[in-house]
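Here's the structure, in structure tokens; my notes come after.
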Amino acid sequence: ELADAIGGLSTNAKEWKPSSHRSNAPSYHQNSPTSPRPISSVLQVSPPGRSVSTGSDQRGWQPGTEWKPASPKEFVPSWKQAQIVEPSTGEYMGEPQEEHSQQIETSVPAGPVPPLPVRTMRSLGVSDELWRHERDLALEAMREMDPTDPRHKAIPPPFSNAYQLDSVNNMGGTRSSFGYPAATFKCVNQEDGNLYCLRRFDNVRSVSYKIAAAVTDRWNQRATLKSGLSPVEHPGVVRFYRCFVSNRAVFFLHQYVPGARTLRERFKNTHAPMPEPLLWSCIVQLVSAIRAIHAGNLACRVLDLNHILCTSVDGSMDRIRVQVNCLGVVDALEFEARKQIGELQLEDMRDLGRLILSLAWYSEITRNSDKDTMTQCNTFVSQNYSRELHNLALSLLTPNASVPSIHDVCRAISGRVFDEMDLSRVTADRTQAALSAEYESGRALRLLLKLGFVNERPEFGMNRRWTESGDCYALKLFRDYVFHQADGSGRPVMDLGHVITSLNKLDAADDEKIVLTSRDGKSMFVVSYAEVARCLDNAFNECCGGNVMGAMHY
């Protein structure tokens, strides 16, 4: 574009020639299609009326002197005021001519400039995808069985609002993966109002009240990790709260994870190898959870596809979060076995190797898998995944060999941990951005709730004109100023920007003055947002003082 502009301004320009110490360089003409751009020279661009001082050459304005414009014959356009300077010597080499389009050194990057992000009203809240994801999770958490459903009888007090999470046939005596008839419910604890996952096991005679209490105390011991958390508080673990016996059944209370699916449900219809980055992400998360559990002198004992939960990250299944589920169940059901903790932890490592092969081969590998199946699986993994992943799985499953500990595995995959940490930070940044957007929406919601409690209240005690006098009347006019704007013909003006700006200034108690007018035009007030905020606080506090439900916290 610069070359075209130069060519349009002058057609009689002289041919440019380099200085004497560059006399061997060939000269190029304007119309030559092969004319390269010189890169050994640097253009120093001066603003109009000023020039770069190079040696004895003084062509522009100098401090302390009066600037005089050039004569018409000597007038030089602003684009020609650039001077060519040899970087090595600083020697002035002449002015750029029209035949050559010099490459100007600048701090602006080359190429098209991306447009600046424009903030719209949609940026005041979370994205549509995240909003739909959170809505689906909320709807799933609100599901309940019909009040007349007989399965409610299986729920002990103080739990209610139950919804069965597993197959309905389990209530008919079908044995679960633990060998006993079982059912899993989502329910609400009436004592604290929180959601929990409640598992019921029937026909269990080996678990007594003392065993249930012992297992609960073992898993809810004080913090034993360097991070100050207990093993059940690790982010890679579905927290186990307690085990108890009631109505001739054994119950296990765990954290409820909305939207979670087991790895078997997630990949049961998948007939293609799992992408290796996703598989490494699952391995790193599982190793981190196992490390925390083993550090607490405990063992998982549930590392298989049916007892590992996975949830999507930010509503996308490109990244998943995995958590070890059903902790404490085997400890209670097989309490009398009294196996050594070291032996159980080594079995966890072998189960981890089987789980890695199951995820890679999209078919479950168990302790009962035959030798041919294991051979086919090893061949498939060696052909479709990296040698690092294949060696890790083989080291955990090689018979007649020492099984590596969880610390050995941590050292082996240390390079992959940094990748997972980077992805976790990206997720944390997105969550922080969504939280900031919701904070902005929450500020406006709090103001609207206050205004809703005060405005148009029919009466306050014996005062039937409470909202028509004092601070409340100013708030009524402010409500009309914010939401009931109209044009000259009386048509409503739905200006959401005006609403958001007014609420933000009210929340900040800004000193800007506004004019509030009554609907009949007989009353007019000139007030500031700070005065309106004071009126709102006074009126709301007065309502809270007379609240029959007690003090309101906001």
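Rounded to the nearest 0.05, what FRET efficiency do GLU438 and ASP192 give with R0 = 25 Å and r taken as the Cβ-Cβ distance? Could you check?
0.55
Give the peptides 435-443, 529-537 in descending order of average Cβ contacts within 10 Å, highest first.
529-537, 435-443
Measure of size requested: the Rg and Dmax of region 241-375, with Cα atoms as the atom set and Å as the unit; please supply both.
Gyration radius and largest Cα-Cα distance of region 241-375: 15.9, 48 Å.
Two decimals, Cα atoms only, Kirkwood Rh: what is Rg/Rh over region 422-505?
Dividing the radius of gyration by the Kirkwood radius yields 1.19.
Once fully extended, how much extra length lies between SER160 and SER382, figured as 0.36 nm per residue of separation less the alpha-carbon to alpha-carbon distance?
Stretched fully, the SER160-SER382 segment lengthens by 74.9 nm.
Per residue Cα convex hull volume for region 279-334, in cubic angstrom?
Here the figure is 84 Å³ per residue.
Could you tell me the convex hull volume per residue, in Å³, taken over the Cα atoms of region 176-244?
That works out to 131 Å³ per residue.
Contour minus end-to-end for SER208 and GLU129, with contour as 0.36 nm per residue of separation and end-to-end as the Cα-Cα distance?
23.7 nm
Could you give P(r) for region 197-285, binned at 10 Å from zero, as whole percent values over all Cα-Cα pairs?
Going out from 0 Å in 10 Å bins, region 197-285 shows 13, 32, 30, 20, 5 percent.
Report, in whole Å, the centroid distance computed from the Cα atoms of region 272-324 and region 381-404.
Each part reduced to its Cα centre gives a spacing of 18 Å.
Carbon and sulfur atoms: what percent of the 1.4 Å accessible area of region 397-554 do they account for?
The nonpolar share, carbon plus sulfur, comes to 56 percent.
Can you give the net charge of the other residues whose Cβ lies under 15 Å from the Cβ of PHE185, counting K and R as +1 and D and E as -1?
0
Pulled fully out, how much extra length does the chain show between GLU512 and ASN541, if you take 0.36 nm times their separation in residues and subtract their Cα-Cα distance?
Roughly 8.0 nm would be gained on extension.
Add +1 for every Lys or Arg and -1 for every Asp or Glu among the other residues with Cβ under 10 Å from the Cβ of LEU309, and state the total.
Net charge around LEU309: +2.
May I ask you to give the average projected area over all directions of the convex hull of the Cα atoms of region 476-535, in nm² rounded to one decimal?
If I average the Cα hull's projected area over directions, I get 4.1 nm².
Got a number for the accessible area of SER518? Probe 1.4 Å, square angstrom, nearest 10.
10
Around PHE244, under 15 Å between beta carbons, what's the net of Lys plus Arg minus Asp minus Glu among the other residues?
Charge balance near PHE244 sits at +2.
Using only C-alpha atoms and all pairs of different ones, pull out the Kirkwood radius for region 355-397 in Å with one decimal.
Kirkwood radius, region 355-397: 10.3 Å.
Over region 359-465, one equal point on each Cα, no solvent: what is log10 I(q)/I(0) by the Debye formula at q = 0.10, 0.11, 0.22 Å⁻¹?
-0.58, -0.62, -1.22
The values are calculated or read from the model by the stated rules, or taken from the named source; none is laboratory data. None of the values given here were measured: they were computed from a predicted structure. Because the Cβ atoms are built from the backbone with ideal geometry, glycine has one as well, and the counts that use them run over all protein chains shown. Note: accessible area is taken over every heavy atom of the protein model, side chains too, but ligands, DNA and RNA are not part of it. Shrake-Rupley method; radii C 1.70, N 1.55, O 1.52, S 1.80 Å.
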